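Coordinate-derived values only; no laboratory data. This one's a predicted model, so the numbers in the text were calculated from it and none came from an experiment. Positions of Cβ are backbone-derived with ideal geometry, glycine not excepted, and every protein chain shown enters the neighbour counts.
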Amino acid sequence: MSQTTDFFAPQAFEADVIDCQIEGTIPAGLNGAFIRVGGDWAYPPKHRDDSLFNQDGYVSRFRFRNGRVDYKGRWIETERYRNNRAAGRQLYGYYRNPHDCEPQVAHVDEPWRNTVANTSVEAHAGRLFALKEDARPVEIDPVTLETRGFHDFGGGYNSQTFTAHPKIDPQTGELLTFGYEATGLATDDLFYYVIDRKGAVSREVRLKVPYVSMVHDWAITQSHVIFPVFGYVTSEERLRSGQIHWAWDSNAPTWFGILPRDGEAKDLRWFKGPNRAIVHTFNARTEGGKVILEAPIFDTNPFPFFPFADGSKWDPVKSQSLIRRLTFDLASKDDGYVEEILFPGLPVIDLGRVDERFMGQDMRYAYTSFNDGSKALDRDRVGTGIRRITNSYGVFDMKDRTMRSFYAGPTHALQEVTFVPRHADAEEGDGWLIGTANNYADMRTELVVVDASHPEDGALGRVILPFRSNVQVHGRWYSDEQLNFGREA
Ligand code: V55
Ligand code: FE
């Protein structure tokens, strides 16, 4: 993908669309909001080979009411966004490297000030946040999408950083979270937190990682939390020399730190395995004396814009992810674990989701996008610039190891999928799959709604935007009650 052409080209406008065009039918029971966060370049990056993860944050919302849908998109007005706007140009350099920024905005000792807040969204205790792993949450007004600024949970949250993938325990309503590089650039501190239902910090555990790495996502069970440490490396020296934050070390082992949820730092146990990338997880559970983690996992560097430390060339085939199950035996004396590929020969996009009412628990279905090569691709209308299109959602039955799919059509690529339960007590998997799609024939964005139990029937309805909106990283669904939309005019 290029940063200047196709669906990733800067869009750089804010938008309000009232009563979007709809094809088919949006189910009347689908009431709430799909909120997505991603990036766009307000000003072009300083370096052509910079990471897309360095784009300015952008938040958008599809608001569903009785079969009708409104869209709103806004920049996330971080300190960095405002500084660039005031200057009228890009002041900031390579991804997560303040040393490469213009001196007036370098902030080497306060690196969180340079966040773009462009990765994901979470709501807790009545507040909505845009998240990026290099800073604390940036609060967003759920109605107007205006940026309110950093949130610190009333004090007691001491990490400088906060993951883009906090987990809400569906049984306790607590928000479990962590920050890595918690005390500054390239520091090996990882702080784990529990934030109670009211939004106050109830627990902090200060941990050390085996080496400083991208701890992007993690997993929780009803009794443990699991931190993956893998492949990406950095150092103060690397950053001082002005390079992009991460390099991939093909010799670095993968480590999984497993901590009992009520444990202290001394109770953290590390398991070690071969070089892999675990960027996102599906889910995990504790079963007897074992912790079981399910995730799409790569055998090597997933991202072309983070260079190999040894100068190797990035390989799109080797950098595909496969759905795997890892089993950690807490009774074992050694530090190994068992790795199993659940769907061999079926590479998937690693932006996967589950029915989040089952977070931390045993569950059957995982959802993610993939390219079904047996389905039609209309090259004439898509154009030749795109190598491969992600044309399907997979409904992966993790028990039977079977898969059913939704095909978006010959000119469409799917972004991340999100599962929405039909109602609060529906059975696992009873609900809808929703997500945005790139329509490459018309170069505009659509949102598809699919019955999760009948994916092969095609979309029940599509919301058609009259333009190409920026590409999301992560999105979430919120019911009206969760975001207190009742107060809205
Ligand atoms: C990821 C995304 C990021 C980031 C670090 O998908 C990791 C993984 C959009 O930003 O900063
Ligand atoms: Fe992520």
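Pairs of alpha-carbon atoms within less than 8 angstrom and 6+ residues apart define the contacts here; what relative contact order does the range 333-380 have, in percent? Across the range 333-380, relative contact order equals 35 percent. Contact order for the range 203-308, expressed relative to its length and based on alpha carbon pairs under 8 Å spaced 6+ residues apart, stands at 27 percent. A simple spin-label model places the labels of ALA86 and SER332 5.4 nm from each other, with each point 7 Å out along Cα-to-Cβ. Distance between the C-alpha centres of the range 120-138 and the range 327-351: 30 Å, rounded to the whole angstrom. This model, with +1 at the C-beta of Lys and Arg and -1 at the C-beta of Asp and Glu, gives the chain a dipole about its Cα centre of some 460 debye. Remark: the Cα gyration tensor places the range 315-465 in the oblate category, a/c being 1.5 or greater and a/b not exceeding b/c.
Over the range 158-309, how many pairs of lysines fall under 20 Å by alpha carbon, counting only those 8 or more apart in sequence or from different chains?
Number of lysine pairs found: 5.
Annotation for the range 79-169: trypsin sites (Lys or Arg not before Pro) lying in DSSP loop with at most 16 further Cβ atoms inside 10 Å of their Cβ are ARG89. Within 15 Å, Cβ to Cβ, of PRO466, how many net charges do the neighbouring residues add up to if Lys/Arg are +1 and Asp/Glu are -1? With Lys, Arg at +1 and Asp, Glu at -1, the net is -3. The modelled label-to-label distance for the pair GLU456/GLU237, using points 7 Å beyond Cα in the direction of Cβ, is 5.7 nm. Assign one of three labels to the range 138-208, namely rounded, prolate or oblate, based on the Cα gyration tensor with a ≥ b ≥ c the square roots of its eigenvalues; rounded applies when a/c is under 1.5, prolate when it is not and a/b is larger than b/c, and oblate otherwise. Oblate shape, in that a/c is at least 1.5 and b/c is the bigger or equal ratio. Per residue of the chain, the DSSP helices (runs of n ≥ 4 H) give a summed -39500 (n - 2.57) that works out to -1000 deg cm²/dmol at 222 nm. Compactness of the range 42-150 was expressed as the Cα radius of gyration divided by 2.2 N^0.38 Å, which yields 1.14.
Using the Cα centre as the reference, give the magnitude of the dipole from point charges on the C-beta atoms of the range 418-489 (Lys, Arg: +1; Asp, Glu: -1; all else neutral), rounded to the nearest 20 debye.
Dipole magnitude for the range 418-489 comes out near 520 debye.
Sequence-distant contacts, meaning Cα pairs under 8 Å at least 6 residues apart, place the relative contact order of the chain at 13 percent. Neighbour counts of other Cβ atoms within 10 Å put LEU326, LEU52 in the fewest-to-most order LEU52, LEU326.
All Cα-Cα separations within the range 1-99 were binned at 5 Å from zero, giving a P(r) of 2, 12, 19, 19, 15, 11, 9, 7, 5, 1, 0, each value a whole percent of the pairs.
Determine the sum of side-chain charges near PRO111: Lys and Arg each +1, Asp and Glu each -1, restricted to other residues whose C-beta is under 10 angstrom from that of PRO111.
Computed value for this residue: -2.
The share of Cα pairs per 10 Å bin across the chain, counted from zero up to the longest distance, runs 4, 20, 32, 29, 13, 1, 0 percent. Each Lys and Arg Cβ is given +1 and each Asp and Glu Cβ -1; about its Cα centre, the range 285-330 then shows a dipole of about 100 debye. Can you give the log10 of the normalised intensity I(q)/I(0) at q = 0.24, 0.26 Å⁻¹, computed with Debye over equal Cα scatterers of the range 341-393? Log10 of I(q)/I(0), two decimals: -1.01, -1.10.
Across every direction, the projection of the convex hull enclosing the Cα atoms of the range 142-292 has a mean area of 10.7 nm². Phi angles across the range 20-30 convert, under the Karplus curve 6.51 cos²θ - 1.76 cosθ + 1.60 with θ = phi - 60°, into 3J(HN,Hα) values of 4, 4, 10, 10, x, 10, 8, x, 5, x, 8 Hz, Gly and Pro given as x. How would the range 195-244 be classified by its alpha-carbon gyration tensor: rounded, prolate or oblate, with rounded meaning a/c under 1.5 and the a/b versus b/c comparison settling the rest? Note, shape of the range 195-244 comes out prolate.
What nm value, rounded to one decimal, do you get for the distance between GLU481 and THR402 when each label is placed 7 Å out toward the C-beta? Going by the 7 Å Cα→Cβ label model, 3.4 nm.
Between LYS46 and LYS313, the C-beta separation translates, for a Förster distance of 30 Å, into a calculated FRET efficiency of about 0.80.
In the range 358-380, which residues have a backbone nitrogen under 13 Å from the label point lying 7 Å from GLU427's Cα in the Cα-to-Cβ direction? Output list for this probe position: 364-365.
Using a cut-off of 9 Å between beta-carbons, work out the net charge of the residues near PHE305 (Lys and Arg +1, Asp and Glu -1, PHE305 not included). Don't jump to the answer; show the numbers that get you there.
On the way: positive: none; negative: ASP49, ASP50.
For residues surrounding PHE305, the net value is -2.
Computed over the alpha carbons of the range 277-352, Rg followed by Dmax gives 14.4, 44 Å.
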